[in-house]
1. With every protein chain left in place and a probe of 1.4 Å, what is the accessible surface of residue 81, to the nearest 10 Å²?
2. Can you give the helix-only mean residue ellipticity at 222 nm for the chain, where every DSSP H stretch with n ≥ 4 adds -39500 (n - 2.57) and the sum goes over all residues, rounded to the nearest 500 deg cm²/dmol?
3. Over the chain, what per residue volume does the convex hull of the Cα atoms give, in whole Å³?
4. Using the alpha-carbon atoms, what tilt in degrees (0 to 90, nearest 10) does helix 183-196 show relative to the longest principal axis of the chain?
5. Would you mind getting me the FRET efficiency between residue 22 and residue 71? Use the beta-carbon distance for r and R0 = 25 Å, nearest 0.05.
6. Determine, for the chain, the count of lysine pairs separated by eight or more sequence positions (or lying on different chains) whose alpha-carbon distance falls under 22 Å.
7. Starting from the Cα of residue 145, step 7 Å toward the Cβ, then list every residue of region 172-195 with an amide N under 12 Å from that point.
8. Treating the Cα atoms of region 11-106 as identical point scatterers in vacuum, please give the log10 of the normalised Debye intensity I(q)/I(0) at q = 0.22, 0.25 Å⁻¹, two decimals.
Amino acid sequence: HVDDLWQRLLTGDKTAHSINNNLRKDGLVITCQWTNTPLRNDRGDVIGALSMVQDVTDRKRAEEALHAQSAQLHAIVEGTSDAVFIKDLQGRYLLFNQAAGGFVGKSPADVLGHDDTFIFSPDDARAVMDGDRGVMTGGKTLTYEDHVTTPDGVRRTFLATKGPLSDQSGTVTGMFGISRDITERNRFEEAVRQSEE
């Protein structure tokens, strides 16, 4: 480690950085970030180095925990049979899971960056986007039914839970949505109701 940093300083690095684990005298392993700046004589030759060592153990643990949480969230989003999505303030998709792609017959990668006019008819897209704007301007999470005709020509009903997303200052930056296809359930309930009548 030290030899590698020294070689980098000798070969012209103005500052050499590295992060590695170090064993303290008390037996605790900590993660340190080393910043080394070369010291030069009047001729410009490297004659030493000024080193600053910072304990970044907590930061590394937080980064690892965040990475683990991100992996878990990805597994949940892609493991559900519900459509999960995120939109920006203009209604463009920033996240669109595989289940959502299956409902509309499009690859999630193709949908990202587009709004609902890319997926649905003008009337359906307008209705969905109007509801989404209401969620973002109202600042509250709502659950309601969206009715759209999917590209396979089937009129479907989705039970959608949608809510605003905000930055650290509380400014709304977009919205999230989780939608479940309840078309068959509604048809069954209507058939039961008619049968009972």
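The values are calculated or read from the model by the stated rules, or taken from the named source; none is laboratory data. Note that the structure is a prediction, hence the values are computed from the model and not measured. All Cβ positions, glycine included, derive from the backbone under ideal geometry; neighbour counts span all protein chains shown. Protein only, heavy atoms only, side chains kept; ligands, DNA and RNA dropped before computing areas. Shrake-Rupley method; radii C 1.70, N 1.55, O 1.52, S 1.80 Å.
1. My reading of the accessible area for residue 81 is about 90 Å².
2. Here the helix-only value at 222 nm equals -11500 deg cm²/dmol.
3. Roughly 224 Å³ of hull volume per residue.
4. 30 degrees
5. Efficiency, from the Cβ-Cβ distance: 0.35.
6. Pairs that pass both the separation and distance tests number 6.
7. Within reach of a label on residue 145, which here means backbone N under 12 Å from a point 7 Å along Cα→Cβ, region 172-195 contributes 182-191.
8. Those come out to -1.10, -1.21, one per q.
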